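Presented below is the structure to which this report refers.
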Amino acid sequence: MPLNIIIGTQWGDEGKGTITDMMADKADIVARYSGGDNAGHTVTVGDEIFKLHLIPSGIINSNTICIIGNGVVLNPTIFIREIEELEKRGIDISPNRLKISKSAHIITPAHIALDTASEMARGDKAIGTTKRGIGPAYMDKTQRVGIRAEAFADPENLADLIKEHVTEKNQILKSIYGAEPLDETAVAIQYVDYAKRLAPYLVDGVVMLDDALRADKNVLAEGAQGTFLDLDHGTYPYVTSSWPTSGGVLIGLGVGPKYVDRVIGVTKAFTSRVGSGPFPCELDGDMALRLRGTGSKPWDEFGTTTGRPRRVGWLDLVMLKHAIRINGFTDLVISKLDILSGLDEIKVCVAYEINGERTENYPTTLTDLEKCSPVYETLPGWQEDIMEARVPSDLPENARAYVAYISEKIGLPIPYASVGPARRQTVAF
Ligand code: GDP
Ligand code: IMO
Ligand code: MG
């Protein structure tokens, strides 16, 4: 009966895809509950690397059924492209295995044009969005004018809805942003074609998940984005437009809390952020280059969706404790422990100073966040490459001590740390 949940504890890209793939062999269903193709989840199996934006990472595991929940905003162009790429690689993505909740909302080219235009208009206050139309699609949802996936079942009606939608957005594009309007007929024709392809994937997501949970099936909710990109709990306004935190799972799938078993937080052994906004532990100079990598390795810190270099810093326990408060984690998984190999010292942020006053609580206002300077504790590093470690005794003592230190500071068990991108590169504690 359990619903297990995987959530990013930072600003996204914590390695949620890798952990989801690892846990998918025990899951009957893997579900995405929020966000859209702003996500980029990497799964490495042997020599093969899969980069997924919309389709849940559980799809790589042949026994798992995957669903796009009602809380997701779905760009059909990207979804179909992903289906085709997976098909070419021999993955079964038939409607038996992949489902879309009829209540998920659809992203259109008008949303993407508005995202791009509004980012340009913000100038140096730009959020640094992925320009995937996420914000405008959620705006339509909350304004109660969005188009839901259920419309794929009725292509003629969809054509009318799309024409009306594009015509309305064209007015905003032209009059507010001075941007080029879109051809509403061309978009409608394209979406009618998509509807024919995607209608077989539609389900009542709430009934499907309820039936599964009642039948004692194991459901895994795959988080996208991260706690500090949450619309309510992140570094507003430098956030995404959905709720990646654990509350978002219940809304984004339509399940009740009684089914929840584990809420697993995923944190990198350090911190990264892509896009604008406060980042108290951000590093620059040589140490930033060292943590980010040069881009020569597949796991170096460059955005999976946009290719942008990620901003990097030390692990921030003030943030992590705040993420624990918001999400109610039962346990924590650490990724990319291997990246810290070769450092003499490792710093961990344990508090902030704001106007000379120390606090261990994450400030919720942008004004305070911008004034924060991190207070670090320093731990000894290790020199050995740990990518082949599989059991704790394979790890150098200082690597084990780093994990134990985090677990002790946050008061949660750490059942795993990953030491490489592949499925097998995990150490269970
Ligand atoms: P997600 O968005 O949370 O799924 O994370 P991303 O896939 O965007 O970014 C994580 C990156 O780190 C990917 O390239 C993963 O393959 C890689 N990765 C995950 N865990 C590890 C690890 O333990 N070590 C290394 N070196 N790479 C990892
Ligand atoms: P995964 O699931 C990292 C960031 C964008 C930007 C902000 C708003 O791979 O962890 P949006 O396009 O959502 O309106 O952009 O959110 N962002 C992510 N950063 N990983 C992600 O997803 C992200 N999804 C959105 O960079 O700062
Ligand atoms: Mg990512």
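The values are calculated or read from the model by the stated rules, or taken from the named source; none is laboratory data. Bear in mind that the values here come from a model prediction, so they are computed numbers and not experimental data. Here the Cβ positions follow ideal geometry from the backbone for every residue, glycine too, while neighbour counts run over all protein chains shown.
Using the structure shown, decide if ALA288 is away from ligand 2 (no atom under 16 Å from the Cβ), surrounded by fewer than 20 Cβ atoms within 10 Å (Cβ to Cβ), among the aliphatic types (A, V, I, L, M) and part of a helix (DSSP H, G or I). The answer is yes for ALA288. Number of residues in segment 15-33 that are under 12 Å from the mean Cα position of the chain (by Cα), over 16 Å from ILE334 (Cβ atoms) and within 14 Å of ligand 3 (Cβ to nearest atom) equals 1.
Kindly establish whether THR64 is within 16 Å of ligand 3 (Cβ to nearest atom), in contact (Cβ under 8 Å) with a residue 24 or more places away in the chain and hydroxyl-bearing (Ser, Thr, Tyr). Explain how you work it out, then say what you get.
Details: within 16 Å of ligand 3 (Cβ to nearest atom): no; in contact (Cβ under 8 Å) with a residue 24 or more places away in the chain: yes; hydroxyl-bearing (Ser, Thr, Tyr): yes.
So THR64 does not fit the description; no.
Here LYS131 fits the description: in a loop (DSSP other than H, G, I, E, B) and under 22 Å from the mean Cα position of the chain (by Cα). Restricting segment 222-249 to residues that are farther than 15 Å from GLY328 by Cα and of a type in the set (A, V, I, L, M) leaves a set whose member that is nearest to ligand 1 (Cβ to nearest atom) is ALA224.
Among residues of segment 116-131 that are within 21 Å of ASN170 (Cα to Cα) and among the small types (Gly, Ala, Ser), those with a beta-carbon under 9 Å from a residue that is within 16 Å of ligand 3 (Cβ to nearest atom) and not in a helix (DSSP H, G or I) at least six positions away or on a different chain give the pairs SER118/THR129. Residues in segment 268-285 that are part of a loop (DSSP other than H, G, I, E, B) and either within 11 Å of ligand 1 (Cβ to nearest atom) or farther than 23 Å from GLY342 by Cβ (or both): ALA269, VAL274, GLY275, SER276, GLY277, PRO278, PHE279, PRO280.
Considered as a group, the residues in segment 16-42 that are closer than 14 Å to THR304 by Cβ and surrounded by fewer than 24 Cβ atoms within 10 Å (Cβ to Cβ) include one that is nearest to ligand 1 (Cβ to nearest atom), and that residue is THR42. Please state which one of ILE5, ILE29 is more than 16 Å from ligand 2 (Cβ to nearest atom), touching a helix residue (DSSP H, G or I) at 6+ places or on another chain (Cβ under 6 Å) and of a type in the set (A, V, I, L, M). From the options ILE5, ILE29, the qualifying one is ILE29. Return the pairs, sorted by first residue and then second, in which the second residue is assigned to a loop (DSSP other than H, G, I, E, B), the first residue lies in segment 141-170 and is in contact (Cβ under 8 Å) with a residue 12 or more places away in the chain, the beta carbons are less than 6 Å apart, and the residues are 6+ apart or on different chains. Between residues of segment 141-170 that are in contact (Cβ under 8 Å) with a residue 12 or more places away in the chain and residues that are assigned to a loop (DSSP other than H, G, I, E, B), the close pairs are ARG148/SER103; ALA149/LYS102; ALA149/ALA104; GLU150/LYS102; LEU161/ILE147; VAL166/LEU182; ASN170/PRO181. Might you check whether a residue that is under 23 Å from VAL348 (Cβ atoms), polar (S, T, N, Q) and under 16 Å from the mean Cα position of the chain (by Cα) occurs anywhere in segment 212-234? Within segment 212-234, one or more residues are under 23 Å from VAL348 (Cβ atoms), polar (S, T, N, Q) and under 16 Å from the mean Cα position of the chain (by Cα). Scanning segment 134-188 for residues that are closer than 18 Å to TRP243 by Cβ and part of a helix (DSSP H, G or I) gives ILE134, GLY135, PRO136, ALA137, TYR138, MET139, ASP140, LYS141, THR142. None of SER246, SER276, SER272, SER241 is at pLDDT below 95 and in the same structural domain as ILE410 (by TED's automatic domain parsing) except SER276. Among the residues of segment 106-114, not a single one is under 22 Å from LYS174 (Cβ atoms), touching a residue at least 24 places away in the same chain (Cβ under 8 Å), out of contact with any helix residue (DSSP H, G or I) (no Cβ under 7 Å at 6 or more places or on another chain) and of a type in the set (Ser, Thr, Tyr).
Within segment 43-63, track down each residue that is buried (at least 24 other Cβ atoms within 10 Å of the Cβ) and either farther than 18 Å from GLU85 by Cα or touching a His at 6+ places or on another chain (Cβ under 8 Å) (or both). The answer is LEU52, SER57.
Working only within segment 101-118, note down all residues that are among the polar types (S, T, N, Q) and assigned to a helix (DSSP H, G or I).
Looking only at segment 101-118, we keep the residues that are among the polar types (S, T, N, Q), and these are 101, 103, 108, 116, 118.
Across segment 101-118, the qualifying residues are THR116, SER118.
Segment 307-420 holds strands (runs of 3 or more DSSP E) entirely within its bounds, and those carrying 3 or more residues that are buried (at least 19 other Cβ atoms within 10 Å of the Cβ) map to 311-313, 331-335, 345-354, 416-418.
Confirm whether GLY256 is within 28 Å of ILE107 (Cα to Cα) and over 20 Å from the mean Cα position of the chain (by Cα). Show your work before the answer.
On the way: within 28 Å of ILE107 (Cα to Cα): yes; over 20 Å from the mean Cα position of the chain (by Cα): yes.
Answer is yes for this residue.
When the residues of segment 75-90 are filtered to those that are in a loop (DSSP other than H, G, I, E, B) and farther than 28 Å from ALA113 by Cα, the one that is nearest to the chain's Cα centre (by Cα) is ARG89.
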